[in-house]
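One structure is given below, encoded as structure tokens.
The values are calculated or read from the model by the stated rules, or taken from the named source; none is laboratory data. Please read these numbers as outputs of a predicted model, since none were measured by experiment. Here the Cβ positions follow ideal geometry from the backbone for every residue, glycine too, while neighbour counts run over all protein chains shown. In case anyone asks, the SASA skips ligands and DNA or RNA and just uses the protein heavy atoms, side chains included. Shrake-Rupley method; radii C 1.70, N 1.55, O 1.52, S 1.80 Å.
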Amino acid sequence: MFVATSVTTATFVLVGAVFLASCVEMVEALTIVLAVGHTRGWRSAFEGTGAALLALSALVAAFGPALVHVPLNVLRLIVGGVLLVFGLQWLRKSILRAAGLKAKHDEDAIYEETVATLRAAGATPGRDRLAFVIAFKGVFLEGLEVVILVITLGTSAHRLGLAAAVAAIAVVLVALCGVIVAKQLSRVPENALKMSVGVLLVTYGTFWVGEALKVRWPGGDVALLGLAAVWSIHTWLAVVFARYAVDSPLKTKNA
Amino acid sequence: MSKESSLPLRLAKGFARFWWDFLIGDTPEIFVAVVVIIAVTAMLSEVGHFNTAAIVALPLLAMYALARSLRRAVRQSRPK
């Protein structure tokens, strides 16, 4: 019974982290693909996207099984450290955005910027190499972060197949949403998603660094829920304090 | 050496740049803090009552690192 609860908790956190992270990154990639498709035609946009997805799948297939041979404690220490760094960066960025200290990610602006770049380049005879390269780079670079999360989270939890499947579902869902909403991607609550992913990443990061260093977490994997709750409260408090700091008299006095 | 770098060199540079941006980027203090947190937790394993101390210290140090980094960002955003 306890083992079943532990497995469910770990799987739940893994699925949540991979799914949300994949959604956030794929929304950014989709913005670029839509800009390419609307401006230069869909053929090169789809070819670039397809090539990038193939390259990303090859990376998962190549590095995923190889990482299984790394001793679990070493793997968890490295993965935990990377997740802590990455998660803290995401949390920091989303807290600053929520407090108004950093501009929110503006998908409309990215769309317009990409369209302007493509229009300025003018038409090219034959195959549209520029459109292909921009679509490929957009999907590949955004997808690379997802691949790192899928490989690290998946292998450390011995659930690489599940992590890859969840990421694939997220990609398909975001693509379907893209078809439906066209270029209205700015309506996606990206900062809230990014904050949730940040909480899940630091939760896993803290947990695995501890596991690798022989910390016996109370309740085993169930401690993930406790850590997630503590990190959520910390994030909420950080947003409140950051907002307070923005509105503090020092700023108004100097402004 | 030719002006145009070879493909393997460009790939290696791109790979290194990706990891630099991914792990360090514009928040080197977070990377340093995580290294220190891992070192402190590892050192705690050498002394008694390690488990309780680590369970408390590990998340607390990570939260402190985030708070410090945020404080730095807030201060930098204030007009001088």
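Return a whole-number percent for the relative contact order of chain A, with Cα pairs under 8 Å and 6 or more residues apart as the contact set. If you can, show how the numbers build up before the last one.
Values: 307 pairs, mean separation 102.5, N = 255.
Value for chain A: 40 percent.
Counting partner chain Cβ atoms within 10 Å of every residue's Cβ in B:68-75, what's the average?
Details: counts 0, 6, 12, 4, 1, 9, 11, 2.
Mean inter-chain Cβ contacts per residue within 10 Å come to 6.
The number of Lys pairs in chain A with C-alpha atoms less than 24 Å apart, excluding pairs fewer than 8 positions apart on the same chain, is 16. The percentage of C-alpha pairs in chain A whose separation is greater than 27 Å is 44%. Only helices enter the 222 nm calculation for chain A: every DSSP H run of n ≥ 4 contributes -39,500 (n - 2.57), and dividing by all residues gives -29000 deg cm²/dmol, rounded to 500. When each of the peptides A:189-201, B:17-29 is scored by the mean number of other C-beta atoms lying within 10 Å of its residues, the order from highest to lowest reads A:189-201, B:17-29. Annotation: peptides A:174-180, A:26-32, ranked by per-residue average of other Cβ atoms within 10 Å with the highest first, follow the order A:26-32, A:174-180.
For chain B, with all protein chains present and a 1.4 Å probe, just round the carbon and sulfur fraction of the accessible area to a whole percent.
Working: 3650 of 5450 Å².
That share works out to 67 percent.
Net length available on complete extension from A:Leu173 to A:His38 is 46.6 nm, with 0.36 nm assigned per residue and the Cα-Cα distance removed.
Across peptide A:135-144, how many C-beta atoms of other chains are within 10 Å of each residue C-beta, on average? Walk me through the numbers on the way to the answer.
On the way: counts 0, 0, 0, 0, 0, 0, 1, 0, 0, 2.
Averaged over the peptide's residues, the number is 0.
Heavy-atom surface analysis with a 1.4 Å probe gives chain A a carbon and sulfur content of 71 percent of its accessible area.
Total Å² of accessible surface buried at the A-B contact, 1.4 Å probe, nearest 100? Write down the numbers at each step before the final one.
Numbers: alone 13390 and 7070 Å², together 17340 Å².
Buried: approximately 3100 Å² between B and A.
Site pair B:Asp21 and B:Ser6 shows an inter-label distance of 2.5 nm when each label is modelled 7 Å from Cα along Cα→Cβ. Across chain B, the mean sequence separation of Cα contacts (distance under 8 Å, 6 or more residues apart), normalised by length, yields a relative contact order of 27 percent.
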